[in-house]
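Notes follow once the structure below has been shown.
FYI, it's all coordinate maths here, none of it is from the lab. This structure is a prediction, so every number in the text was calculated from the model and none was measured. Reconstructed Cβ throughout: ideal geometry from the backbone, glycine too, with neighbour counts over all protein chains shown.
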Amino acid sequence: MSESCNSRHFSWLMKSCFPNPNHTNNSLTQIHTQTQTQTQTQTQIHIHSYSSTLSSLPDDLLLECLSRVPPPSLQSLSSVCRRWARLLDSPSFLDLRRRHGRIHTTVFAVSATDFGLYAASLRFEDDVDGVCNWKVSLFLANDAVSLGNFHGLLSHARLSAVGSKIFIIGRNAMVRYDTWSGTVVARSAMLFPRKKFATAVVSGKIYAAGGGSRTDAVEEYDPDTDTWRVVCQAPRRRYGCIGTSVDGVFYVIGGLKIGGTAVGTEPPRAAANAEAHVYASSMDLYDVEARAWLRSRAVPGGGCVVAACSAAGHVYVLASHAVELSFWKFDARRKKTSTQNNNNNNNSTVTNAGFGEWCRLKSPPLPAQVRLDSTVRFSCVGVENKVVLVQVTGCIDDLLRRSGRSLRGLREGLVLVYDSVGGEWSRGPDLPEVIRRAACVCVEC
């Protein structure tokens, strides 16, 4: 890849961003030529003296041009030269595209093969007559990603998105997938090996907790410096937990207890079961700015949390109660903006009195009395005011068949969408068949 570029690489871009200066009225040009030949010659020399290639444009003007390019063309832009790739990777580029209204929230489902990654994207803004479809892309492994098998990375990985980039965080490795350029590069692994842990993004940094049998440390990752560091110790050591964030708070939800007690001090079975139930139906709250843990909260009615996410200032939790599912909303808005009744009519931020309140919502439209087991797994993603529930593993049809009921159409890849405004569920497009055992995340791209 070259360090700079020339105008022929970007003629199409300039034509779309700037008017053609040579497009003038022919009759006026002829009159001007006949009457003021000397002046025209001087003008041509003047214009020629100021002409230059696109590579000489300053970064701010170049960013302004690039920020207006349609999304399908972004991948080719990053391959033109190193300077353009650097500009597309800068925070200023993301800010400009957001200012121009070219940022869209998109659901990504990432699956692994022996030779690369499949990434399926779903954008609800692309609805045509209420129909939207998944778009699938394949990205091959390369020498920069020294991972012998992508399956090993994604088997128990968690996905976190910072801007347009997806960080695929595995037990002993991490890669970054750029949804604009389509590139996959290796990043620094976590300090402690983890399995089925919780992650979330707060203020552009990734936080990870749980999933470690030998540590209760909470780690913070800075994408700018590609470094991990320990920020605190978790109050509970969880396994199989789920992470999300709202208003600067990192939520560690559900899971099982990791680690036993000393020999001779094992609690009775009833006490152990009660403790396990507390872990499975509770969530710990970490205030990132204050570097302190808030009071833990429990899902009303208990149950085992099987999926969770955040959307529109709330935490949404799907819990399993033996043979039924319940769906809950937790008000996570610690502060809210209100309008003061004074002459200035200013807005101010006040404490939300409803913080911490639970509300039971309409359960997802799944068959009644379905006992979920470890073969069926859901992933929950918040997209603006929607909650997208994706069945990433297992087949509900098989569960029903084992219980003597016959039903079709609920195989792996089921997608259900909850509208938090209308309070209703609808069925979305099923995951493509090539996407199996996927991990899901919402991305701004």
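When both the range 423-445 and the range 167-191 are represented by their alpha-carbon centers, they are found 21 Å apart.
Computing FRET efficiency as 1/(1 + (r/R0)^6) for V278 and A189, where r is the C-beta to C-beta distance and R0 is 35 Å, gives about 0.65. A Förster distance of 41 Å, applied to the separation of the beta-carbon atoms of S137 and C359, puts the FRET efficiency at 0.60.
With a threshold of 24 Å on the Cα-Cα distance, the over-threshold entries among K165/K195; K362/K386; K135/K386; K195/K257; K195/K362 are K195/K362.
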